[in-house]
Amino acid sequence: MKTNKFKIITFALVCALATVSCNKDDNNNDSMAMEMESIDFSGTFMQQDQMARPAINTVFIASGQPKDDFNATIPSQMGAKYQPIFESRLLALNSAYTTNALGLDATSFTTVLATDVLNVSTTGKTTFFDGTNVLTGRALADDVIDVELLLIFGGSDGAANPGLTSDNVDANDKAFTTSFPYLAAAW
């Protein structure tokens, strides 16, 4: 009987402490909630960023208004509008560019790059570039920046300019998981 009373008293104390410590004062600044309530979401909205292929628009489009215009362009109109700009920038970055590891000359390569969309293969391997499959999507472990550097500076066999074809970051800092969402937990 004494043990039961002790359990009941202990349970009551724990519940009382939990109840007392629960209140609306969570030390968060409620100004964000009030700000969200006062934001007017009516009107016309437009796309502000285009980043299907990491670093492409960062390298090939100048900052400021040109980048804002590029980011707001409908993908189906990007190629025609931006290919000449991309080609000019490619040749400024690598004046010795002739063809890349995909066999693409400057015009063909920049035509592909200027339309900043991420293609996805629904029937084959998904990869950014693995030497055979090209831009059929993007797997988590794909070293996208190295691929882009190799295609810009690596020449027709990918071996030219070895100092310019890698960012020397060869893997994620943590292993990917084997189940969805596949990303490692944040440290």
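The values are calculated or read from the model by the stated rules, or taken from the named source; none is laboratory data. Every value quoted in this text rests on a predicted model; they were computed, and no experiment measured them. Methodologically, a virtual Cβ is constructed for each residue, glycine included, from the backbone with ideal geometry; neighbour enumeration extends over all protein chains shown. Ligands, DNA and RNA are excluded from the accessible area calculation, which covers all protein heavy atoms including side chains. Shrake-Rupley method; radii C 1.70, N 1.55, O 1.52, S 1.80 Å.
The orientation-averaged shadow of the Cα convex hull for the stretch 75-153, equal to a quarter of the hull surface, comes to 5.3 nm².
In terms of the Cα gyration tensor, with a ≥ b ≥ c the square roots of its eigenvalues, is the stretch 134-181 rounded because a/c is under 1.5, prolate because a/b exceeds b/c, or oblate? All intermediate terms of the calculation are to be shown ahead of the outcome.
Details: a/c = 4.16, a/b = 1.93, b/c = 2.16.
Note, shape of the stretch 134-181 comes out oblate.
Taking a ≥ b ≥ c as the square roots of the eigenvalues of the Cα gyration tensor, an a/c ratio of 1.5 or more together with a/b no larger than b/c marks the stretch 35-187 as oblate.
With the Cα gyration tensor of the stretch 103-187 giving a ≥ b ≥ c as the square roots of its eigenvalues, does the rule (a/c under 1.5 for rounded; else a/b larger than b/c for prolate; else oblate) give rounded, prolate or oblate?
Details: a/c = 2.42, a/b = 1.42, b/c = 1.70.
Since a/c reaches 1.5 but b/c is at least a/b, the shape of the stretch 103-187 is classed as oblate.
For the stretch 126-139, the Karplus equation 6.51 cos²θ - 1.76 cosθ + 1.60, evaluated at θ = phi - 60°, returns couplings of 9, 7, 6, 5, 10, x, 10, 7, 10, 6, 9, x, 7, 8 Hz by residue, with Gly and Pro reported as x. Summarising the amide proton neighbourhood of THR99: residues at separation of 5 or more, or on other chains, whose placed amide H is nearer than 5 Å comprise SER156. The string of couplings for the stretch 54-61 from the Karplus curve (6.51, -1.76, 1.60, θ = phi - 60°) is x, 6, 5, 6, 5, 7, 9, 10 Hz, one whole number per residue in order, with x for Gly and Pro.
Based on the Cβ-Cβ distance of ASN161 and VAL59, what FRET efficiency does E = 1/(1 + (r/R0)^6) give at R0 = 22 Å, to the nearest 0.05? Display every interim value, and only then the final one.
On the way: r = 16 Å, r/R0 = 0.71.
The value I calculate is 0.90.
The accessible surface of the stretch 79-187, taken with every protein chain in place and a 1.4 Å probe, is 58 percent carbon and sulfur. Over the stretch 56-99, the pair-distance histogram of Cα-Cα distances with 10 Å bins from zero comes to 26, 55, 18, 1 percent, rounded to whole numbers.
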